[in-house]
Amino acid sequence: MTLRSQQRQLREQQQFIGEQSQNLQLERAELLAAAEDRRTAQARKANMVFNVVGEGNDGSGRPTAYDHWGVYFQNGSDEAFFNVTVRFGDAYLAASVVEQSAMEHPDHGRRTLPVDQLGAHRALTFESPRWPEATVDNNYPTAYFTDASGQRWKLDRHMTLTPQPDDAGL
């Protein structure tokens, strides 16, 4: 009887340990998800709107003749972004950038590339080089920036946010 009682107690303890192990796995998954959410929270507040720029209008808002991209990039977070730039396709950097809130300054808001710091709730407008329409069509914009914690990010034309390695060189 003692042996049976001990075996039953052992099974109950094994079952309890199994349940505790499952609980710990769930708690760990929740903690990891919360940590990931905190890690990406600032970067998810980046926004990019882009359109082709040119002359004329076909009635749908798209120019009848266009020769470059205009990209509006906004930091919607409460902290600064750093080293902000936009690339077009794989080969081209932005030709110019203007900080929206500094348009009244003597430099008319022009900034050097990459933009060292973009303050909280500030915006930039980037322009691509001027090209033939086919080149514009084949070189969509992608924004790159570093968040306040030092993580480098890529925001593509589909608004997909992807962490970048430290040695991305962008």
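What follows is calculated from the coordinates using simple rules that are stated; it is not laboratory data. It should be emphasised that the depicted structure is a prediction, and the values quoted were computed from it without experimental measurement. Counting neighbours? That spans all protein chains shown, and the Cβs are built from the backbone with ideal geometry, glycine included.
Got at least one residue in region 19-39 being within 32 Å of the chain's Cα centre (by Cα), part of a loop (DSSP other than H, G, I, E, B) and closer than 25 Å to Leu124 by Cα? Within region 19-39 (the criterion being within 32 Å of the chain's Cα centre (by Cα), part of a loop (DSSP other than H, G, I, E, B) and closer than 25 Å to Leu124 by Cα), the answer is no, since none of the residues qualifies. The single condition among (1) out of contact with any Lys or Arg (no Cβ under 9 Å at 6 or more places or on another chain); (2) of a type outside the set (A, V, I, L, M); (3) crowded, with 17+ Cβ neighbours inside 10 Å that Asp67 does not satisfy is (1).
Taking the criterion of being exposed (fewer than 15 other Cβ atoms within 10 Å of the Cβ), of a type in the set (D, E, K, R) and touching a residue at least 12 places away in the same chain (Cβ under 8 Å), the residues of region 95-146 that qualify are Arg110, Asp116, Arg130, Glu133. Filtered by the rule that a residue be of a type in the set (Gly, Ala, Ser) and on the phi < 0 side of the Ramachandran plot, region 93-136 gives Ala94, Ala95, Ser96, Ser101, Ala102, Gly119, Ala120, Ala123, Ser128, Ala134.
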